[in-house]
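First the structure, in the form of structure tokens, and then the observations on it.
The values are calculated or read from the model by the stated rules, or taken from the named source; none is laboratory data. What you see is a predicted model, and the numbers here were worked out from it, not measured in a lab. Cβ: placed from backbone, ideal geometry, glycine included. Neighbour counts: every protein chain shown. Ligands, DNA and RNA are stripped out before the accessible areas are found, and what is left, the full protein with its side chains, is counted by its heavy atoms. Shrake-Rupley method; radii C 1.70, N 1.55, O 1.52, S 1.80 Å.
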Amino acid sequence: QVQLEESGGGLVQPGGSLRLYCAVLGGDFSISTMRWYRQAPGKQRELVAEITSDGHTDYADSVQSRFSIHRNNNRRTTLLQMDKLKPEDTAVYYCNRCDGGSCPDWGQGTQVTVSS
């Protein structure tokens, strides 16, 4: 069994920073591709960032240069560092784990609200 435990969400002001954590319990973390998604009211779920087992990263255009994704295989953790936050970043953020072509494991979701 695999569980994803998220933390770090909350309320921040525009221009501020926030760091989301996702700890993975169970499974072989070192071969996993880790993803962060978000879903804002009235919008489809969006892939925000991805990091593969070999450390390759990709970002949505909307967060490019502001967000960064990292992984620590020893700690079995992926981080999403969010800087220069905008109100448009307000959403529920989800951690997702992939093994090969399957991505069955999800975190519970954490609310990020950017507002003054």
#### Entry: Radius 12 Å from Cβ of Tyr21, net charge of other residues (Lys, Arg +1; Asp, Glu -1)
+2
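Is there a quick way to get the dipole size of the stretch 40-112? I mean about its Cα centre, with the Cβ of Lys and Arg at +1 and of Asp and Glu at -1; what is the value in debye to the nearest 20?
That gives a dipole near 240 debye.
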### Task
Restrict the search to the stretch 43-116; then list the GluC sites (Glu not before Pro) that DSSP places in a loop and that have at most 11 other Cβ atoms within 10 Å of their Cβ.
none
### Task
At 1.4 Å probe size, with every protein chain present, just tell me what the per residue accessible area of the chain comes to in Å².
53
### Query
At Asn74 and Ser102, where each label point lies 7 Å from the Cα along Cα→Cβ, what is the point-to-point distance in nanometres?
3.1
### Task
Hey, can you grab everything whose amide H is under 5 Å from the amide H of Leu85? Only 5+ residues off in sequence or another chain; H modelled, so Pro and N-termini drop out.
Gly15, Gly16
### Query
GNM, the chain, Cα, under 10 Å: largest mean-square fluctuation among Gly26, Gly55, Gly101?
Gly101
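What is the chain's relative contact order, in percent, from Cα pairs under 8 angstrom and six or more apart in sequence?
35
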### Query
Round to a whole number: what % of the accessible area of the chain belongs to carbon and sulfur, probe 1.4 Å?
45
### Task
Count the DSSP beta bridges whose two residues both fall in the chain, then state the antiparallel fraction as a percent rounded to the nearest 5.
95
### Query
Once phi is turned into ³J(HN,Hα) by the Karplus curve 6.51 cos²θ - 1.76 cosθ + 1.60 with θ = phi - 60°, what whole-Hz value does each residue of the stretch 38-54 show in order, with x for glycine and proline?
9, 9, 9, x, x, 10, 6, 5, 10, 6, 8, 7, 8, 9, 8, 5, 9
### Task
Can you pull the one-decimal nm distance between simple spin-label points at Gln39 and Thr57, each 7 Å off the Cα toward Cβ?
2.6
### Query
What list of ³J(HN,Hα) values in whole Hz, one per residue of the stretch 79-92 in order, does the Karplus curve 6.51 cos²θ - 1.76 cosθ + 1.60 (θ = phi - 60°) give from phi, with Gly and Pro shown as x?
10, 10, 8, 10, 10, 6, 5, 10, x, 5, 7, 4, 5, 8
